[in-house]
Amino acid sequence: MTAPPSPALRADLIFHLASPASVADYLRLPLETLKVNSLGTLHMLDLARRCGARFLFTSTSETYGDPLVHPQAEDYWGNVNPIGPRACYDESKRLGEAATMIYWRTYGVDARVVRIFNTYGPHSRPDDGRVVPNFITQALRREPMTIYGDGSQTRSYCYVSDLVAGILAAMVAGGTAGEVFNLGNPDEYTILEFAQIITRQLGSDAGFVYRELPADDPVRRRPDIMKARSILGWQPVIDLATGIERTAVWFRQALERSAPIG
């Protein structure tokens, strides 16, 4: 049974989104990342229990690691390196998921998990280090676009407004306590294909530069969203061309404020 709400605390919905998500950020802040997804999640779950609030933990497609199953559905347990450099993020998110489900089973906390796949859009940082900010920033600056490995690894790209709609649906829809949902766009592209799309759409002609693939970088990544479609009535609606256009407009303005683009 969940604890009775405390009169000193008021909360109806708790969205736990507090974690670095860029590889560059969590490699720079490994302990902070580990703590916010473990201890931070436990504190938020305790708060949800005391307030009688609904709780949503934002997990990640990284819980699937370098997947041996494709596409990835929620019942796949993953293929994660527990001692690699990315474990501070991957494994702490897995622990956050475990804690969420323990509080649901043990205390009856109205809790659920969403696993977020690659998301992009306006207001992300130009120096974020992830593929969409990297490619768009380099294309706008007419710099060679950096491709890690041979570019054959795949990703799926979900526009930010679609993701927000999915998170809200998972929180407010009935019958979602104790459930896990993939949230992402099921359209899959190789990194090289995506770089070529950006090149054509933004008119970049600087070419590509290739770098070594980072350790434990997933080779394939694509969400199975049948569960979100059937239970939440959710699926992405923004196509890639539209999303890139909207994102590039914002990035151009941001870059112009910091240094004029030639």
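Which order do peptides 233-244, 153-164 fall in by mean Cβ count within 10 Å, highest first?
The packing order, highest mean first, is 153-164, 233-244.
What's the ranking of 171-182, 42-53 by average number of surrounding C-beta atoms within 10 Å, highest first?
42-53, 171-182
Provide the FRET efficiency to the nearest 0.05 for the Glu256-Tyr107 pair, computing r from the beta carbons and using R0 = 51 Å.
0.50
Skipping prolines and chain starts, which residues have an amide H placed within reach, meaning under 5 Å, of the one on Thr60, given they are 5 or more residues away or on another chain?
Ile116
Peptides 118-130, 203-215: what's the order by average Cβ count within 10 Å, highest mean first?
With the highest mean Cβ count within 10 Å placed first, the list reads 118-130, 203-215.
So what are the ³J(HN,Hα) numbers for segment 214-223, from phi and the Karplus equation (6.51, -1.76, 1.60; θ = phi - 60°), rounded to whole Hz, Gly and Pro as x?
Going residue by residue, I get x, 4, 6, 6, x, 7, 9, 8, 7, x Hz, with x marking Gly and Pro.
For segment 22-42, list residues with backbone N below 15 Å from a point placed 7 Å from the Cα of Ala11 toward its Cβ?
So the set is 36-42.
Would you calculate, for the chain, the mean residue ellipticity at 222 nm contributed by helices, counting each DSSP H stretch of 4 or more residues as -39,500 (n - 2.57) and dividing by all residues, to the nearest 500?
After summing the helix terms and dividing by the residues of the chain, the value is -13000 deg cm²/dmol.
For every other residue with a beta carbon closer than 11 angstrom to the beta carbon of Gly166, add +1 if it is Lys or Arg and -1 if Asp or Glu, then tell me the sum.
Local charge sum for Gly166: +1.
Just to be sure I understand: with springs between alpha-carbon atoms less than 10 Å apart, which residue in Ile231, Ile198, Ile116 has the highest mean-square fluctuation in the Gaussian network model of the chain?
The residue that fluctuates most here is Ile231.
Taking amide hydrogens as modeled 1.01 Å from N in the peptide plane, which residues meet the under 5 Å criterion relative to Phe55, leaving out close sequence neighbours?
HN-HN under 5 Å from Phe55: Ile14, Asp110, Ala111, Arg112.
Only the coordinates and a few stated rules stand behind these numbers; no lab work does. The model shown is predicted, which means the values in this text are computed figures rather than measured ones. When we count neighbours, we look across all protein chains shown, and the Cβ atoms used for this are built from the backbone with ideal geometry, even at glycine.
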